[in-house]
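Asks: One structure is given below, represented as structure tokens, and several questions about it will come after.
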Amino acid sequence: MRIADYSKPDLYDRRSGGVWDAYLRTSGLKDFYDNVKDRVEIKRPLHRQAYGLSEFEVRDPNGYILVFSELIQ
């Protein structure tokens, strides 16, 4: 849901790894990613991290950067 007339400052490029507003750990990440990838702005597609997690980043309609992750087993 978009908040009318709200514009969050874009801080994403101020750091090489980006700036996140929320980090959410979940299960079923691949299915969730496949369900949302064509409906939201993907900042970083689904990928594996060296520290054992799969993650992807999106920008929500209000400009917040959300990271979704899942432990790789």
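The values are calculated or read from the model by the stated rules, or taken from the named source; none is laboratory data. None of the values given here were measured: they were computed from a predicted structure. Note that we place each Cβ from the backbone using ideal geometry, even for glycine, and neighbour counts take in every protein chain shown.
Asks: Residue by residue through the range 44-73, note down the ones that are among the charged types (D, E, K, R) and more than 13 Å from residue 21 (Cα to Cα).
Replies: 44, 48, 55, 70
Asks: Here are the criteria: (1) at pLDDT 95 or above; (2) within 21 Å of residue 7 (Cβ to Cβ); (3) of a type outside the set (Gly, Ala, Ser). Tell me which single one residue 62 does not satisfy.
Replies: In the conditions (1) at pLDDT 95 or above; (2) within 21 Å of residue 7 (Cβ to Cβ); (3) of a type outside the set (Gly, Ala, Ser), residue 62 misses (1) alone.
Asks: In the range 27-54, which residue that is over 30 Å from residue 5 (Cα atoms) and under 12 Å from the mean Cα position of the chain (by Cα) is surrounded by the most Cβ atoms within 10 Å (Cβ to Cβ)?
Replies: 29
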